[in-house]
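The values are calculated or read from the model by the stated rules, or taken from the named source; none is laboratory data. Treat the numbers as computed from the prediction; the structure is a model and nothing was measured. Note: ideal-geometry Cβ built from the backbone for every residue, glycine included; neighbour counts use all protein chains shown. What goes into the accessible areas is simple: the full protein's heavy atoms, side chains included, and nothing from ligands, DNA or RNA. Shrake-Rupley method; radii C 1.70, N 1.55, O 1.52, S 1.80 Å.
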Amino acid sequence: MSSFVENLQKRISGKIIGQTIFHQAEIDSTNNWALEQAQQGANPGSVFIADSQSQGRGRLGHQWYSPATENIYCTVLLQPELTLSELSKLTLLAGAATCETLMDFAPQDISIKWPNDIYYQHRKLGGILCESRLRGKNIQHVVMGIGVNLSTQTFSENLKSSAISLEEINQNKPERSTVIAALLNNLDSWYQKLNQHGWG
């Protein structure tokens, strides 16, 4: 177990999400990695974190800018008891949990641009990509990918006017494991509420 994972697991309080954490320095995509591990029997609630992604992606096939160790690239594997018509609501759940987390690390001017983007004022701070695999008409598993711009100061030319990081907002660098732990704990709390009370 890496020191990063060991440090992170000490801060995990959830009952489902984060009990098992996988970490790699570089991966093509944490969503791809989670989908592969799901096929090999990884437990629901497992979390897949990379320091960088070579093929990180967002909604509609857009590339997700993924420089090494600067941001959060994280995917959670779930096996929800949902119908196909309810599946898209997991993106809304992830957005609510992510927004709630980031509001503890930045001014309250953080919002969700439905369905899957997190914004600070008019610049993108994070994004969510949920993907599923079906067996017939039944949901086999879902991967919930979350990316957050943590400490990037120099975005690529096509992103510098539309993206922002927590460090740029606060003028200080938040500790990555602290933000990830808070995010996973909030996700677990929201997911348990969903399982216990439904979408209401």
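In the chain, helices alone account for a calculated mean residue ellipticity at 222 nm of -9000 deg cm²/dmol, with every DSSP H run of four or more residues adding -39,500 (n - 2.57). Using the Karplus relation 6.51 cos²θ - 1.76 cosθ + 1.60 with θ = phi - 60°, the per-residue 3J(HN,Hα) values for region 24-34 come to 9, 5, 9, 8, 5, 7, 5, 5, 4, 4, 5 Hz, with x marking Gly and Pro. Phi angles of region 83-89 translate, via the Karplus equation with coefficients 6.51, -1.76, 1.60 and θ = phi - 60°, into HN-Hα couplings of 7, 4, 5, 8, 4, 5, 5 Hz per residue; Gly and Pro are given as x. Look at the alpha carbon pairs under 8 Å that are at least 6 residues apart: their mean separation over the length of the chain gives a relative contact order of 22 percent.
Here region 84-142 is treated with +1 on each Lys and Arg Cβ and -1 on each Asp and Glu Cβ, and its dipole about the Cα centre works out to around 340 debye. In a fully extended conformation the segment linking GLN79 and ASN170 would gain 29.1 nm over its present Cα-Cα distance, using 0.36 nm per residue. Which aspartates and glutamates have a Cα less than 14 Å from the Cα of LYS15, not counting those fewer than 8 places away in the same chain? Cross-link targets: ASP188. A straight chain from SER13 to ASP109 at 0.36 nm per residue would run longer than the Cα-Cα distance by 31.9 nm. Efficiency by 1/(1 + (r/R0)^6): what FRET value for ALA25 and GLU131, r their Cβ-Cβ distance, R0 = 22 Å, to the nearest 0.05? FRET efficiency, ALA25 to GLU131: 0.45. Each Cα pair under 8 Å and six or more residues apart adds its sequence gap; the mean of these over the residue count of region 127-200 is a relative contact order of 18 percent. Here the chain is treated with +1 on each Lys and Arg Cβ and -1 on each Asp and Glu Cβ, and its dipole about the Cα centre works out to around 440 debye.
Using 0.36 nm per residue and subtracting the Cα-Cα separation, the extra length available between GLU36 and SER162 on full extension is 42.1 nm. The mean accessible area for residues of the chain, using a 1.4 Å probe and ignoring ligands and nucleic acids, is 49 Å² per residue. Taking amide H atoms as placed 1.01 Å from N in the peptide plane, the amide H of CYS130 lies under 5 Å from those of GLY145, each 5 or more residues away in sequence or on another chain. The largest-to-smallest principal axis extents of the Cα set in the chain are 46, 37, 31 Å.
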